[in-house]
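S.K.: Once you've had a glance at the structure underneath, I'll fire off some questions.
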Amino acid sequence: MNLQMVLAQGLVVLGAVLMGVGAVGLIRLPDVYNRTNAVAKASSLGMICLLLGVLIWKPSTLAVFTLIPAILLQLLTSPISGFAIGRAAYRSRAPMIEETHLNELKSDPPR
């Protein structure tokens, strides 16, 4: 087993673990804001690690032209969708847990 395979397998395992942690966070965290944050971060980092692992495992021109745009789109869309879901939850008056000390959207009243 060479270094390329070890690195590829390590990235794939890391990506799967990150996605698993995001799934646990989705179940265990107390409110929609914390859940959205956990899932957006874990899913984007997990997917990027998985895609990089595949790219290292089977490097080819087709893989580069397929996986690099997928990674870039993941970096662009996941944080924006997490923000949009959190904003929609705030506007629909989803309750925050009592431990939340900072509410940066307080000046933006829900419609």
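S.K.: Between a first residue in region 78-94 that is within 24 Å of L45 (Cβ to Cβ) and a second residue that is part of a helix (DSSP H, G or I) and of a type outside the set (G, A, S), which pairs have beta carbons less than 6 Å apart while being 6 or more apart in sequence or on different chains?
M.R.: That search, which allows pairs on different chains as well, returns G82/T36; I85/T36; G86/Y33; G86/T36; A89/V32.
S.K.: Residues being surrounded by 16 or more Cβ atoms within 10 Å (Cβ to Cβ) and either in a helix (DSSP H, G or I) or touching a strand residue (DSSP E or B) at 6+ places or on another chain (Cβ under 7 Å) (or both): count how many of those fall in region 22-31.
M.R.: Number of matching residues: 2.
S.K.: Which residues, taken from region 30-66, are polar (S, T, N, Q) and more than 13 Å from the chain's Cα centre (by Cα)? Step through it out loud before you land on a result.
M.R.: Kept after step one, since they are polar (S, T, N, Q), are these residues of region 30-66: 34, 36-37, 43-44, 60-61, 66.
S60, T61, T66 - these are the residues of region 30-66 that are polar (S, T, N, Q) and more than 13 Å from the chain's Cα centre (by Cα).
S.K.: Let me ask something additional. Have a look at A94, A42 and point out the one that is of a type outside the set (S, T, Y), part of a helix (DSSP H, G or I) and at pLDDT below 95. Lay out the reasoning, then the answer.
M.R.: Details: A94 fails: part of a helix (DSSP H, G or I).
Only one candidate passes the filter, namely A42.
The values are calculated or read from the model by the stated rules, or taken from the named source; none is laboratory data. All of these numbers come straight from a predicted model, not from anything done at the bench. Cβ coordinates were reconstructed from backbone atoms using ideal geometry, including for glycine residues, and neighbour counts include every protein chain displayed.
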